[in-house]
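Asker: So that we are looking at the same thing, I have put the structure below in structure tokens.
Please treat every number below as a calculation from the coordinates, not as lab data. Computed from a predicted model, the values in this text were never measured in an experiment.
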Amino acid sequence: MGKTIKTSVDHHKCVGSRICTAIAPKAFALNSEGQAQPIDPPHESIDVIRMASEGCPVSAITVEESD
Ligand code: SF4
């Protein structure tokens, strides 16, 4: 069975750099305020999502993985 991936973005931190939406466009989208919004469920592999999370310059993205 596949794992469930849940992501969240801290909007107190997100500066709208668009790095996550560039790396993982099927997991993050920009909202009308220009901040990243998780796409639920994300349609990217966990590796790509982690890369997007690690690429965030302000560490605004939390990734949770569960069975
Ligand atoms: S990479 Fe981080 S700061 Fe940039 S849009 Fe995504 S969540 Fe916001």
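Asker: Under the rule of -39500 (n - 2.57) per DSSP H run of 4 or more residues, summed and divided by the residues of the chain, what mean residue ellipticity at 222 nm is obtained, to the nearest 500 deg cm²/dmol?
Answerer: Estimated from H runs of four or more residues: -6000 deg cm²/dmol.
Asker: In bins 5 Å wide, starting from 0, what share of all Cα pairs of the chain does each bin hold, as a percent?
Answerer: Going from the shortest bin to the longest, the percentages are 4, 21, 34, 24, 12, 4, 1, 0.
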